[in-house]
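Engineer: Here you go, one structure.
The values are calculated or read from the model by the stated rules, or taken from the named source; none is laboratory data. All values derive from a computational prediction rather than experimental measurement. Here the Cβ positions follow ideal geometry from the backbone for every residue, glycine too, while neighbour counts run over all protein chains shown.
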Amino acid sequence: MASTPVVFSSVVLEHWIPELVGHRAEGEFQVVVDPSLEGDRSMTLLRVVNGPNVVTLTPARAQQLSLSSTGSVSAEQLADRIRGAGITFNGPDYVYYLPAAEQGVVQAEPVPDGTRQLTTDDAEAFARFAREAPEADLDDAFVELDHWLVFGTFVDGRLAAAASMYPWRDTPLADLGVITLPGYRGRGLGRVTVRAMSARAIEMGYEPQYRCQIDNAPSVALARAAGFVQFGEWDVSGAEE
């Protein structure tokens, strides 16, 4: 029996898949030339799960790679042209969202005791949390008390898990990060923190977005546990020399 297709909100689809993008043959990338791309992000590659592949690039990059908007290029040809031009990429991220059907569930479920929104009154607790969190987690997750929306889960009065988010690139997508202290992992604290924060973001009119490197198995597992479903895989060109 075929599985039911995942339906994401129109906010997600409108952001990632321009109207001009149609269905292409498997292994082909739709080309989108976008003059608004920033100089340090002159080219992006998007592979949507069960959807199109899209390469978005500045007019200068399009000219360099002999690509034109609304056209298409095979994955092999694109890889050859990127390699020939010496363009490097930062490494792909998985991009996750809550399916439309899951958003109502997230908003309706009760917030567990100990989980709440953090404010500047929590500065001391958060500072202790940041001192005890692994440095790599702080760098990767980018959880900060001064972000647009911050939630935490306390255990016996101690901040054990924290998550924060901010509007992503002036869009209604709210990019999030989450950290659970090593001694408190395996209890589902990151999951409840992310879901409580996501419910608040949805209430405020934003779409929670969860991104992580594709080789970050614990983060991938947390995304799924929190109800997020992979939308696609996204990579960005590195800083230009």
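Engineer: Collect the residues in the range 102-140 that are touching a strand residue (DSSP E or B) at 6+ places or on another chain (Cβ under 6 Å) and among the β-branched types (Val, Ile, Thr), keeping them in residue-number order.
Structural biologist: To start, the set of residues in the range 102-140 that are touching a strand residue (DSSP E or B) at 6+ places or on another chain (Cβ under 6 Å) comprises 114-115, 117-118, 125, 129, 133, 137.
Within the range 102-140, Thr115 is the sole residue that qualifies.
Engineer: For the range 168-187, name all the residues that are outside any helix (DSSP H, G or I) and either touching a residue at least 60 places away in the same chain (Cβ under 8 Å) or surrounded by fewer than 16 Cβ atoms within 10 Å (Cβ to Cβ) (or both). Walk me through how you get there before you give the answer.
Structural biologist: Restricting attention to the range 168-187, the residues satisfying the condition of being outside any helix (DSSP H, G or I) are 168-181, 185-187.
Residues satisfying the conditions are Arg169, Asp170, Thr171, Pro172, Leu173, Arg185, Gly186, Arg187.
Engineer: For the range 73-119, which residues satisfy the criterion of being aliphatic (A, V, I, L, M) and farther than 14 Å from Met43 by Cβ?
Structural biologist: Going residue by residue through the range 73-119, those that are aliphatic (A, V, I, L, M) are 73, 75, 78-79, 82, 85, 87, 95, 98, 100-101, 105-106, 108, 111, 118.
Within the range 73-119, Ala75, Val95, Leu98, Ala100, Ala101, Val105, Val106, Ala108, Val111, Leu118 qualify.
Engineer: Can I ask one more? Cβ-Cβ distance below 6 Å, separation of 6 or more or different chains: which pairs start in the range 28-54 with a residue that is over 27 Å from Phe228 (Cβ atoms) and end on one that is assigned to a loop (DSSP other than H, G, I, E, B) and of a type outside the set (S, T, N, Q)?
Structural biologist: Val31/Leu67; Val31/Gly71; Asp40/Ala239
Engineer: Still on this structure, please answer the following. Looking at (1) buried (at least 23 other Cβ atoms within 10 Å of the Cβ); (2) within 17 Å of Val106 (Cβ to Cβ), which one does Glu203 not meet, given that it meets all the others?
Structural biologist: (1)
Engineer: Also, I was wondering about something else. Any chance the range 86-98 includes a residue that's small (Gly, Ala, Ser), surrounded by 15 or more Cβ atoms within 10 Å (Cβ to Cβ) and more than 22 Å from Glu233 (Cβ to Cβ)? I'd like the intermediate steps shown before the answer.
Structural biologist: Of all residues in the range 86-98, those small (Gly, Ala, Ser) come to 86, 91.
Going one step further and asking which of them are surrounded by 15 or more Cβ atoms within 10 Å (Cβ to Cβ), we end up with none.
Checking the range 86-98: not a single residue is small (Gly, Ala, Ser), surrounded by 15 or more Cβ atoms within 10 Å (Cβ to Cβ) and more than 22 Å from Glu233 (Cβ to Cβ).
Engineer: Going residue by residue through the range 115-136, is there one that turns out to be part of a loop (DSSP other than H, G, I, E, B), more than 25 Å from Ser198 (Cβ to Cβ), touching a helix residue (DSSP H, G or I) at 6+ places or on another chain (Cβ under 9 Å) and not polar (S, T, N, Q)? Full working, then the answer.
Structural biologist: Looking only at the range 115-136, we keep the residues that are part of a loop (DSSP other than H, G, I, E, B), and these are 118-119, 133-134.
Keeping just the survivors that are more than 25 Å from Ser198 (Cβ to Cβ) gives none.
Scanning the range 115-136, I find no residue that is part of a loop (DSSP other than H, G, I, E, B), more than 25 Å from Ser198 (Cβ to Cβ), touching a helix residue (DSSP H, G or I) at 6+ places or on another chain (Cβ under 9 Å) and not polar (S, T, N, Q), so the answer is no.
Engineer: Oh, and also: Filter the range 99-114 down to residues that are assigned to a helix (DSSP H, G or I), hydrophobic (A, V, I, L, M, F, W, C) and either in contact (Cβ under 8 Å) with a residue 12 or more places away in the chain or surrounded by 14 or more Cβ atoms within 10 Å (Cβ to Cβ) (or both), then give me how many there are.
Structural biologist: Within the range 99-114, the first condition is being assigned to a helix (DSSP H, G or I), and the residues that meet it are 100-108.
Narrowing the set further to residues that are hydrophobic (A, V, I, L, M, F, W, C) leaves 100-101, 105-106, 108.
From what is left, the residues that are either in contact (Cβ under 8 Å) with a residue 12 or more places away in the chain or surrounded by 14 or more Cβ atoms within 10 Å (Cβ to Cβ) (or both) are 100-101, 105-106.
Matching residues across the range 99-114 total 4.
Engineer: Answer yes or no as to whether Arg81 is over 30 Å from Tyr206 (Cβ atoms) and either modelled with pLDDT under 95 or within 21 Å of the chain's Cα centre (by Cα) (or both). Can you show your working first?
Structural biologist: Numbers: over 30 Å from Tyr206 (Cβ atoms): yes; either modelled with pLDDT under 95 or within 21 Å of the chain's Cα centre (by Cα) (or both): no.
Criteria not met by Arg81.
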